[in-house]
Amino acid sequence: MYGRVTGVTVLGVGGHLVTVEAFVGRGLPALTFTGLPGAAVNDARDRIRPAVENSGLEWPLRRVVVNLAPGNLRKEGAGMDLPIAVSVLGATAQVPARALTGVAFSGELSLKGELLPTPGILSVAISAARAGIGTVVVPYANAMEAAQVDGLTVVAAGTLTEVAGFLKGTWEPPPVERLRPPATPATALDLAEMRGQHQARRALEVAAAGGHNLLMVGAPGAGKTMLARRLPTILPELSRDEALEVTQIHSVAGLLRGEGLLRQRPFRAPHHSVSIAGLLGGGAAVLRPGEVSLADHGVLFLDEFNEFRRDALEGLRQPLEDGRVVLTRAVGSVEFPARFTLVAAANPCPCGYDGDTRRRCMCRPDRIQSYRAKLSGPLLDRIDLRLRIPRLTKEELLGSQPGEASAVVGARVREARERQRARLARLGVTCNAHLPGPLARREARLDALAERLLERAVESMALSGRGFDRGLKVARTVADLEGAETVSETHLAEALSYRIGFGEQEGLERAG
Amino acid sequence: MRADAERDSGSQDVAPPGYPPDFGAGERERGALLSLSTLRGITPRKLHALAWRVGSAIGCVAAIRSGSAGSPADRDRIGAVEPAAVLAQLNACGGRILGPHDPGYPSAFADLLHDPPAWLYVRGGQLPDQPDRVAVVGARRCSALGREIAHDIGRRLGGIGIHVVSGGAFGIDAAAHRGALAGGGVTIGVLGSGVDVLYPRSSADLLLQIAGRGALISEYPPGQRAEPHHFPARNRLVVALSRAVVVVEGAGRSGSRISVDHALDLGRDVFAVPGPVTSPLSETPHEIIRDGATLIRGADDLLADLGYEQARADDAVAPAGLTDTELRVWRALATTSLSDGVARAAHVAIPEAVTILISLELRGLVRGVGGRYERTFAGVSGGIEA
């Protein structure tokens, strides 16, 4: 009385194949797990028997031992419910044993035997395909995810009865091509809706083109959030690999709503009260991806930047540097991708109106100083573009030229990215923002006039070493947007205009 | 030490100006002054009246100890205070105390008829008597433009040997002090705290420089922290020390307004630098200009009005040495402040406008503030300094 099926456990975003063996032997009726079951798997102990019995199938009134191999890997996730149940069905010959080879199962069961939407199905499908398994049986709700993987037959089942029927050859799964993903509302956002704010719109374009992180400082209502939300609309479309990675992370986090492949770049805007685990990933039993990973290949927008907990902001340094987060817990260490563009926004002072032309700032100078001190630090060094967003007057809004549409700007961004990719491939980076600082000077390729401007800027603007490198990288991106081989005076001047004269406040160094 | 609170209540005050002869002179009188300076309940005005009633500082101490003057808290305090300890604390920061008859006690304080300071803590150099001194005061929370103007006025005054007096605070005060130092001049900071308390902390360097090149003075004992009610009393000393008071920026009901009231009482000239009518920081200057203060456009006007220099022919509407395009951009800044607006007004492409704006900024003629561009005072006044 022995059955054996293949399941998949998901750790981080990676799926790991698990051989599920069931043995039904003499003894008091019981279900025992061996082979390092995690909390969620242990939790399934009392769920599986009712699910089987409510599916018109029989639960053996004998001692059942289920072993999960390999034994050194902790098995996590409710997706193990289905392979465990099927292994018992195999052991009791309720489904034919030969139907179980070459198939992987994943899905959470309800007490009634329904297959519930389960996180991480895309990761299940990817790892199954990689292991040469031809068929996956997954919940109906997650079928579109699994269908994204080439060379895999996807069986989308709604209940355990259907799964058993499929294995016996009495139930035909619906072809997945016919499964319609729920219509996702097309983003209504477009850069053209932004009135005025020419400099900020242009800075978004530069950020998108060079992969630069961006800091916006301005009064409430100046348009910082509105601008940030439009950054994804001018970023190049996700490549297939990027889209798979993004979908995988959202799948693991249980955030997919039946979509197959996410095609829009994520935009994540966690509130400043977010916990470290919420921002970077973590959790007690199961390690879940944090906001930095959910923003992978997209935009992480941190409004009220200096209200975030200091340790949470410190934790952003690793993902900003490496494009991934590594979470180490007692259960082991897990890695999540986290390559995002950071857009930070802050008020210039606690009340928000410092430097405003129409409203008076009521803050005490020392409060402003300590408020701004929180903005400094090593994290700020990783933000190439910084700008003040002025609150516009009605006349300025009405008098402004209508802005370009996202599609037009996006086309320039795409070309600029291509140029960088071609030029920087030999250095192992894809965009100017990721250029190592010491190389910025050489890679920027300044012409003679630009060199002279740079010298003058260093003399008179107290441009720090890091500020110097950042300015050059941004100037390089501006030149790439224009398709120019060398950085001209105009390109460099524009780059130098993206900085915040915090020297506006006495006793404070320029933050640019 | 509330000088202001009883401005109107002292009608039966008949004390003559100044202090009785021998008040504060000699070792024991000095000790009494140190003790008296630690009291919080008795105002300069009451102390002045008491001094004339009893004739000496020791007499004042005795009167307070007996309860015939001062508050109960003062009585407890005067019994507990150790003059030697106060003196030790004062010596530790290199300060000294002056009685009203000591050399170096500014004779200008005699103009404070009813509340001249009975002692003065000084940290720094000797205050030469009868120099020309001008006070520059204004908002702590000022604009970049205000700071530049105050700095320029301080620099020009300092450069021709006029001592610049101010309150050592943030903003306009600090800019005026810095300007005086930059111009190679002498500057005096009148503090609302003890001369050993460098407040605000971030201005500690500046305050030490002031002590090095001029002096920090205060009525408050060493170790005393600045408190809000000290500032009006402090302002009366700033004004009394100076022959003229210049107000650069101040919002309604500001400390500058109090200084101006003192100046009118003491017969000092009042000057004010105007600003945009829309700016809250222009409220005080505009109000006092309407009340009769002299409008000045900068250091040139001030120096001319004070009789130090001929007024400069006012022909510099734009800095010299600009190219045609630069001049167009410069002129555009008169009416607009955003880079795209400048480009439109100057009929140049936006990138070109940005290039010129940055180039002008590097030359100190233009400044980027809050995502906008504006002309600097140096640019407008024609004088460019590092």
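The values are calculated or read from the model by the stated rules, or taken from the named source; none is laboratory data. Being a predicted model, the structure only gives us computed values, none of them experimental. Cβ placement follows ideal geometry from the backbone for every residue including glycine, while neighbour counts extend to all protein chains displayed.
I'm checking my understanding of the structure. Among residues of the stretch A:366-382 that are assigned to a helix (DSSP H, G or I) and in contact (Cβ under 8 Å) with a residue 24 or more places away in the chain, which one is nearest to the other protein chains (Cβ to nearest Cβ)?
Pass one, the stretch A:366-382, residues assigned to a helix (DSSP H, G or I): A:366-373, A:380-382.
Subset that is in contact (Cβ under 8 Å) with a residue 24 or more places away in the chain: A:368-369, A:371-372, A:380-382.
Details: A:Ile368: 9, A:Gln369: 7, A:Tyr371: 14, A:Arg372: 12, A:Leu380: 18, A:Asp381: 21, A:Arg382: 22 Å.
For the stretch A:366-382, the residue satisfying everything is A:Gln369.
Could you tell me whether A:Ala91 is of a type in the set (A, V, I, L, M) and touching a Gly at 6+ places or on another chain (Cβ under 7 Å)?
Details: of a type in the set (A, V, I, L, M): yes; touching a Gly at 6+ places or on another chain (Cβ under 7 Å): yes.
The answer is yes for A:Ala91.
Taking the stretch A:218-267 on its own, how many of its residues are among the basic types (Lys, Arg) and buried (at least 22 other Cβ atoms within 10 Å of the Cβ)?
Restricting attention to the stretch A:218-267, the residues satisfying the condition of being among the basic types (Lys, Arg) are A:224, A:229-230, A:240, A:257, A:263, A:265.
In the following step, the residues that additionally are buried (at least 22 other Cβ atoms within 10 Å of the Cβ) were identified as A:224, A:230, A:265.
Selection size over the stretch A:218-267: 3.
I'm checking my understanding of the structure. Among residues of the stretch A:321-365 that are of a type in the set (Val, Ile, Thr) and without any contact (Cβ under 8 Å) to a residue 60 or more places away in the chain, which one is farthest from the other protein chains (Cβ to nearest Cβ)? First the steps, then the outcome.
Filtering the stretch A:321-365 down to residues of a type in the set (Val, Ile, Thr) leaves A:325-326, A:328, A:331, A:334, A:341, A:343, A:357.
Then drop every residue that is not without any contact (Cβ under 8 Å) to a residue 60 or more places away in the chain, which leaves A:325-326, A:328, A:357.
Working: A:Val325: 33, A:Val326: 38, A:Thr328: 41, A:Thr357: 8 Å.
Selected residue: A:Thr328.
Out of the stretch B:131-148, which residues are away from chain A (no Cβ under 14 Å) and either at pLDDT 90 or above or touching a Cys at 6+ places or on another chain (Cβ under 9 Å) (or both)?
So the first thing to find is which residues in the stretch B:131-148 are away from chain A (no Cβ under 14 Å), and the list is B:131-137.
If the condition is that a residue be away from chain A (no Cβ under 14 Å) and either at pLDDT 90 or above or touching a Cys at 6+ places or on another chain (Cβ under 9 Å) (or both), then B:Arg133, B:Val134, B:Ala135, B:Val136, B:Val137 are the ones that fit.
From the set of residues in the stretch B:195-207 that are part of a loop (DSSP other than H, G, I, E, B) and under 16 Å from the mean Cα position of the chain (by Cα), which is nearest to the other protein chains (Cβ to nearest Cβ)? Don't jump to the end; show me each part of the working.
Looking only at the stretch B:195-207, we keep the residues that are part of a loop (DSSP other than H, G, I, E, B), and these are B:195-200.
Subset that is under 16 Å from the mean Cα position of the chain (by Cα): B:195, B:198-200.
Working: B:Val195: 21, B:Leu198: 13, B:Tyr199: 10, B:Pro200: 6 Å.
The residue in question is B:Pro200.
Among helices (runs of 4 or more DSSP H) lying entirely in the stretch A:428-493, which contain 1 or more residues that are within 35 Å of the chain's Cα centre (by Cα), within 18 Å of A:Ala209 (Cα to Cα) and within 14 Å of chain B (Cβ to nearest Cβ)? I'd like the intermediate steps shown before the answer.
On the way: elements: A:437-444, A:448-461, A:465-482.
Per the criteria, A:465-482.
Would you check if there is a residue in the stretch B:231-251 being surrounded by fewer than 17 Cβ atoms within 10 Å (Cβ to Cβ), part of a loop (DSSP other than H, G, I, E, B) and more than 15 Å from the chain's Cα centre (by Cα)?
No: zero hits.
Among the candidates B:Arg140, B:Arg147, B:Arg123, B:Arg156, single out the residue that is outside any helix (DSSP H, G or I) and closer than 30 Å to A:Gly355 by Cβ. Spell out how you get there, then give the answer.
On the way: B:Arg147 fails: outside any helix (DSSP H, G or I); B:Arg123 fails: closer than 30 Å to A:Gly355 by Cβ; B:Arg156 fails: outside any helix (DSSP H, G or I).
Of the residues listed, the single one that is outside any helix (DSSP H, G or I) and closer than 30 Å to A:Gly355 by Cβ is B:Arg140.
State whether one or more residues within the stretch A:318-334 are surrounded by 19 or more Cβ atoms within 10 Å (Cβ to Cβ) and closer than 30 Å to B:Thr278 by Cα.
No: zero hits.
Which one is farthest from the other protein chains (Cβ to nearest Cβ) among residues in the stretch A:383-397 that are closer than 11 Å to A:Ala207 by Cβ and of a type in the set (A, V, I, L, M, F, W, C)?
This residue is A:Ile383.
Pairs needed: first member in the stretch B:323-344, within 11 Å of chain A (Cβ to nearest Cβ) and surrounded by fewer than 21 Cβ atoms within 10 Å (Cβ to Cβ); second member anywhere, in a helix (DSSP H, G or I) and hydrophobic (A, V, I, L, M, F, W, C); C-beta distance under 6 Å; at least 6 residues apart or different chains.
B:Thr336/B:Val342; B:Thr336/B:Ala345
For the stretch B:345-364, enumerate the residues that are surrounded by fewer than 23 Cβ atoms within 10 Å (Cβ to Cβ) and either at the interface with another protein chain (Cβ under 8 Å from one of its Cβ atoms) or under 34 Å from the mean Cα position of the chain (by Cα) (or both). Write out each step before concluding.
Of all residues in the stretch B:345-364, those surrounded by fewer than 23 Cβ atoms within 10 Å (Cβ to Cβ) come to B:345-352, B:359-364.
Correct list: B:Ile350, B:Pro351, B:Glu352, B:Ser359, B:Leu360, B:Glu361, B:Leu362, B:Arg363, B:Gly364.
If a residue has to be under 18 Å from B:Leu90 (Cβ atoms) and at pLDDT 50 or above to count, how many in the stretch B:1-24 make the cut? Even if it seems obvious, please write down each step before you answer.
Step one: list which residues in the stretch B:1-24 are under 18 Å from B:Leu90 (Cβ atoms), which gives B:1, B:24.
Now narrow it down to the ones that are at pLDDT 50 or above: B:24.
Of the residues in that region, 1 qualify.
Starting from the stretch B:370-386, keep only residues that are at pLDDT 65 or above, then list their pairs with residues that are among the basic types (Lys, Arg) whose Cβ atoms are within a distance under 7 Å, requiring at least 6 positions of separation or different chains.
B:Gly370/A:Arg388; B:Gly371/A:Arg388; B:Glu374/B:Arg367; B:Thr376/B:Arg367
Take the residues in the stretch A:17-43 that are touching a residue at least 60 places away in the same chain (Cβ under 8 Å) and not β-branched (Val, Ile, Thr), then tell me which one is nearest to A:Gly77 (Cα to Cα).
Step one: of the stretch A:17-43, the residues touching a residue at least 60 places away in the same chain (Cβ under 8 Å) are A:17-18, A:20-24, A:38-40.
This time we only want the ones that are not β-branched (Val, Ile, Thr), so: A:17, A:21-23, A:38-40.
Values: A:Leu17: 13, A:Glu21: 17, A:Ala22: 19, A:Phe23: 22, A:Gly38: 8, A:Ala39: 8, A:Ala40: 5 Å.
Filtering the stretch A:17-43 for residues that are touching a residue at least 60 places away in the same chain (Cβ under 8 Å) and not β-branched (Val, Ile, Thr), the one nearest to A:Gly77 (Cα to Cα) comes out as A:Ala40.
Looking at the stretch A:7-21, which of the residues that are within 18 Å of A:Glu145 (Cβ to Cβ), buried (at least 24 other Cβ atoms within 10 Å of the Cβ) and in contact with a Leu (Cβ under 8 Å, 6 or more places away or on another chain) is modelled with the lowest pLDDT?
Taking the candidates together, the pick is A:Gly12.
Suppose we filter the stretch A:91-128 for residues that are without any contact (Cβ under 8 Å) to a residue 40 or more places away in the chain, within 27 Å of the chain's Cα centre (by Cα) and closer than 16 Å to A:Val20 by Cβ; how many remain?
Counting residues in the stretch A:91-128 that are without any contact (Cβ under 8 Å) to a residue 40 or more places away in the chain, within 27 Å of the chain's Cα centre (by Cα) and closer than 16 Å to A:Val20 by Cβ gives 1.
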